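The next block holds one structure in the form of structure tokens; read it before the comments.
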Amino acid sequence: MKNYRLKTSEGVRDYLGNEALLKEKVETNVRNFLLHYGYELVKTPTFEYVDVFATEDFFQQPDLYTLINRQGEFLALRNDMTSSIARVVATKCQNEILPKKYCYVENTFRYPLRYQGKSHEFTQAGIELIGDGSIKSDVEVIKIAIQSLISLGIKSFSVHVGYSQFLETLFDDLKLNFNQKQIIQNFIDMKDFVSFKDYLKQIKLDKEMIDTMTNLMLSAGKLSYLETVKKKLAKYSCSKCLQRLFDLYHHLEKLHLEQYIVFDFSIYSYAKYYTGIIFQIFTLGLGRPIVSGGRYDSFLKKFGFDAPAIGFGMDVDGLVDLLKDFIKKEKRFLSIVLDDNLLFSETENNKRREKGLIIDECLFDNLDEAIKYGKEKNYNSLLVYQNNQVKIIQLEDDNI
Amino acid sequence: MITFALSKGRLANKIFQLLQNMNINVSDFKETSRKLIFISDDQKYRFFLAKPSDVPTYVDYGIADVGVVGKDTILTISEEKHNFSEVLDLSFGKCKMCVCGFHDAKNILNSGNIIRVATKYPNIAKKYFEKTNRNVEIIKLNGSVELGPLVGLSDVIVDIVESGKTLKENGLEILEEVDNISARLIINNASLKIKYQEINELINGFNQLLGDNDD
């Protein structure tokens with residue numbers, strides 16, 4: 001038998017000290033930010049019946065953390081808040097006036113399919129806007145995603161916007177059959193664009209179309225790129241999808257947010273339920289999207305509630321990673337009482353705490369010990385209480 | 001700046017030649033040198049040399065934006081999702097991943113019985129036989145895999161075949177082809193998004209050199 005008492009299980013970790021504080025702070029800031037846009041906070045159970053999360057048609061879902069309860073029912077830790085919120089909406093909002101706006105900051109759990117050393121527990125923050133299918137809600141959701149990153153102090157990022165049925169429609173325009181579509185989709189999922197291209201050659205698409213499709217997978221660009229794509233595919237019905245993207249761009253232009261937008265038809269998400277505009281936000285220094293979102297108009301139908309919806313999820317752990325270097329270290333004081341006048345030091349310390357200072361009362365009797373401890377633990381100064389007086393000993397070089 | 005992770009050895013030499021044709025010079029690099037990190041003369045590209053099987057890992061984690069690695073290495077790890085895209089077939093280092101064995105072993109492959117497979121690439125073998133709906137027992141070997149059928153350890157092997165000479169000399173033959181292997185350009189997905197302009201330039205450069213290999 002192995003004893004794992006001192007280990008944490010794969011994919012989960014501890015947060016201590018400044019890192020824990022930073023995480024807490026990011027969560028609070030994001031939550032407050034979203035609340036101020038009028039989004040209602042939801043908290044859902046950490047685990048629920050597996051049926052809530054198993055939204056695809058297969059039963060095998062190797063990325064879910066599943067459990068069996070005493071009654072023998074299958075449960076799963078939530079892998080995504082959208083499913084839980086869909087259940088909430090479908091059961092509680094049937095007769096309510098729409099749209100409903102929800103926000104959340106919660107931990108979600110999933111097995112990364114292969115990697116070692118990548119998290120299984122993620123903190124996600126996000127919003128869901130339910131019951132409005134218009135371009136206005138697309139704009140609102142993308143705008144909030146952009147503004148919340150700006151408010152957190154993330155400076156350079158780009159919002160990659162695509163359209164989830166665009167490729168599907170193009171495949172239909174090209175009269176590909178179900179089997180062919182699946183094979184192509186599989187190569188896209190695997191991000192294997194060499195086999196992708198080879199396969200397109202094999203099914204004898206013309207060279208221009210192969211180049212266009214490969215380009216769609218590997219390129220991205222600003223408004224001019226979108227115009228080029230439109231021109232190239234003008235005769236196909238898929239180009240109609242592009243109008244929504246133009247509209248989105250022009251709305252964001254009015255808000256002076258268009259500089260963040262990059263059009264990109266290769267973006268692909270963990271969640272497969274998207275039906276319209278789909279977007280991911282990337283920033284330097286993080287090898288994965290910091291925000292993923294999009295429209296999922298047919299998803300709620302699976303829960304018996306037919307309403308359009310759009311939302312995004314934000315990777316809070318990623319944000320913590322990005323903001324780590326910008327933590328402002330709080331000043332910390334250590335205090336020691338060298339006589340019996342505990343009340344004096346207590347009142348004095350509390351006065352300082354009210355001003356927002358951090359004061360740690362040390363448990364040593366001996367001044368030298370306190371200084372040694374304070375220096376090693378990086379306290380700024382030591383407050384020494386004696387004879388109804390306070391003396392401040394500097395522990396760090398910089399001034400208070 | 002774009003960072004490349006390259007497989008040490010033949011592939012790296014080849015890629016520096018290609019880059020030279022694209023006017024990207026790395027005078028730092030010499031075949032005999034033991035240095036691991038190089039910077040191009042125009043300071044736009046950084047290269048480091050890694051063990052081939054580690055190249056996808058560096059690219060996966062975004063430590064390198066771009067990697068050059070054999071398809072076989074990608075296959076060994078890519079049984080599930082990874083965080084990079086396979087973008088170009090650089091069409092050198094060509095060979096084939098095959099199922100090989102004695103001529104008679106064909107019957108075993110189609111018998112529906114459990115097939116014993118010796119290989120250096122257990123993931124590739126597992127995936128291939130899963131895809132073709134056959135039950136296998138996989139035996140991992142570390143070299144001279146051809147011995148498997150010769151000494152009766154396994155019915156067949158899954159291995160890379162270049163010239164087929166070793167097979168022939170031992171009375172074995174190719175029974176089924178699993179995949180075409182060659183050097184591939186892989187790119188971290190986030191780099192592909194964030195540095196799309198530089199990377200597009202790079203891809204186009206390679207494409208022109210390779211003549212889009214449309215044969």
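Read-outs throughout are calculated quantities, based only on the coordinates presented, and are distinct from any laboratory measurement. Not measured: the values here are computed from a predicted model. Cβ placement follows ideal geometry from the backbone for every residue including glycine, while neighbour counts extend to all protein chains displayed.
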Q) What FRET efficiency would be calculated for the residue pair B:Ser182, B:Asn113, taking the C-beta separation as r and a Förster radius of 35 Å, to the nearest 0.05? A) 0.55
**Q.** Difference of contour (0.36 nm per residue) and Cα-Cα distance, A:Leu16 to A:Asn378
**A.** 128.8 nm
Q | Translational diffusion coefficient (Stokes-Einstein; Kirkwood radius from C-alpha pairs) of the range B:1-98 at 20 °C, 1.002 mPa s, in µm²/s | A | 154
Q) Pairs A:Lys7/B:Lys127; B:Lys106/B:Lys140; A:Lys351/A:Lys391; B:Lys96/B:Lys126; A:Lys43/A:Lys191: which exceed 23 Å Cα-Cα? A) A:Lys7/B:Lys127; A:Lys43/A:Lys191
Q: Within the range A:254-329, report the trypsin sites (Lys or Arg not before Pro) that DSSP leaves as loop and that have at most 14 other Cβ atoms within 10 Å.
A: A:Lys272, A:Lys328, A:Lys329
Q) Which stretch or stretches of the range A:355-378 have amide N atoms under 17 Å from the point lying 7 Å from A:Asn387's Cα along the Cα→Cβ direction? A) A:367
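When you look at the Cβ of every residue in A:185-195, what mean number of other chain Cβ atoms sits within 10 Å?
Shielding by partners across A:185-195 averages 5.
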Q: Using Cα positions and a limit of under 12 Å, work out the aspartates and glutamates in reach of B:Lys30, with same-chain residues fewer than 8 apart set aside.
A: none
(Q) What percent of all Cα-Cα pairs in chain A falls into each 20 Å bin, going from 0 up to the bin containing the maximum distance? (A) 22, 46, 23, 8, 1
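Express in % the proportion of alpha carbon pairs of the range A:96-197 at distances exceeding 17 Å.
73
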**Q.** Fluctuation leader among A:Val159, A:Val139, A:Val12 - chain A, Gaussian network, Cα springs under 10 angstrom
**A.** A:Val12
**Q.** Theoretical FRET efficiency, 1/(1+(r/R0)^6), r = Cβ-Cβ of B:Thr32 and A:Lys7, R0 56 Å, to 0.05
**A.** 0.80
Q: Among A:Leu75, B:Cys98, A:Val105, flag the residue with its Cα farthest along the positive direction of the charge dipole of the protein assembly as shown, charges on Cβ as +1 for Lys/Arg and -1 for Asp/Glu.
A: B:Cys98
Q | 10 Å-binned pair-distance histogram of the range B:124-179 (Cα, whole percent) | A | 21, 57, 22, 0
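Taking the Cβ-Cβ separation of A:Leu284 and B:Thr132 as r and a Förster radius of 30 Å, what is the calculated FRET efficiency to the nearest 0.05?
Working: r = 43 Å, r/R0 = 1.44.
So, using R0 = 30 Å, E works out to roughly 0.10.
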Q: Obtain the nm distance between the two label points defined at B:Asn21 and A:Lys232 by a simple spin-label model: each point lies 7 Å from its Cα along the Cα-to-C-beta direction.
A: 2.4
Q: Express the relative contact order of chain A as a whole percentage, based on alpha carbon pairs under 8 Å and six or more residues apart in sequence.
A: 16
Q | 27 Å Cα-Cα reach of A:Lys235 towards lysines, excluding residues that sit fewer than 8 places from it in its own chain | A | A:Lys175, A:Lys181, A:Lys197, A:Lys201, A:Lys204, A:Lys207, A:Lys222
Q) Along the three principal axes, how long is the range A:66-147 when you take its alpha carbons, biggest first, rounded to the nearest angstrom? A) 41, 34, 17
Q: Mind pulling the per residue volume of the convex hull built on the Cα atoms of the range B:156-215? Å³ is fine.
A: 132
Q: Tell me what chain A gives for mean residue ellipticity at 222 nm when only DSSP H runs of n ≥ 4 count, each as -39,500 (n - 2.57), the sum divided by the residue total, rounded to 500 deg cm²/dmol.
A: -12000 deg cm²/dmol
Q: Report the paramagnetic label zone for A:Thr66: residues of the range A:35-53 whose backbone N is under 19 Å from a point 7 Å from Cα along the Cα-to-Cβ axis.
A: A:46-53
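What net charge is computed for the residues neighbouring A:Ala76, neighbours being all others with C-beta under 12 Å from the C-beta of A:Ala76, Lys and Arg scored +1, Asp and Glu -1?
It works out to a net charge of -3.
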(Q) With viscosity set to 1.567 mPa s at 4 °C, what whole-number translational diffusion coefficient in µm²/s follows for the range A:332-394 from Stokes-Einstein and a Kirkwood radius over Cα pairs? (A) 112
Q) When chain B is treated as a GNM, springs tying every alpha-carbon pair under 10 Å, which of B:Arg46, B:Arg184, B:Arg34 comes out with the largest mean-square fluctuation? A) B:Arg34
Q.
Take A:Lys118 and A:Ile150, extend 7 Å from each Cα along the Cα→Cβ direction, and tell me the distance between the two endpoints in nm.
A. 3.1
**Q.** Spread of Cα-to-Cα distances over 10 Å intervals beginning at zero, given as percent, for chain B
**A.** 8, 31, 29, 20, 11, 2
Q.
Please report the spacing between the Cα centers of the range A:5-42 and the range B:172-190 in Å, no decimals.
A. 42
Q: In nm, give the distance between the simple-model label positions of B:Ile63 and A:Asp368, each being 7 Å from the Cα along the Cα-to-Cβ direction.
A: 4.7
Q: Take the alpha-carbon centre of the range A:342-374, take the same for the range A:187-239, and report the distance between them in whole Å.
A: 67
Q | Under Karplus coefficients 6.51, -1.76 and 1.60, residue-wise ³J(HN,Hα) of the range B:176-181 in Hz, glycine/proline x | A | 8, 9, 8, 6, 8, 10
Q: Evaluate peptide B:84-96: per residue, the Cβ atoms of other protein chains within 10 Å of its Cβ; return the mean as an integer.
A: 3
(Q) Checking the cross-link filter: which lysines have an alpha carbon closer than 17 Å to that of A:Lys355, excluding same-chain neighbours under 8 positions apart? (A) A:Lys329, A:Lys331
(Q) Multiplying the sequence separation of A:Asp198 and A:Tyr37 by 0.36 nm and subtracting their Cα-Cα distance, what value in nm do you get? (A) 53.2 nm
Q. Pulled fully out, how much extra length does the chain show between B:Glu162 and B:Gln208, if you take 0.36 nm times their separation in residues and subtract their Cα-Cα distance?
A. 13.9 nm
**Q.** Percent antiparallel among DSSP beta bridges (both partners in the protein assembly as shown, rounded to 5)
**A.** 70
Q: Per DSSP H run of at least 4 residues, take -39500 (n - 2.57); add these up for chain B, divide by its residues and hand me the 222 nm value, nearest 500 deg cm²/dmol.
A: -9000 deg cm²/dmol
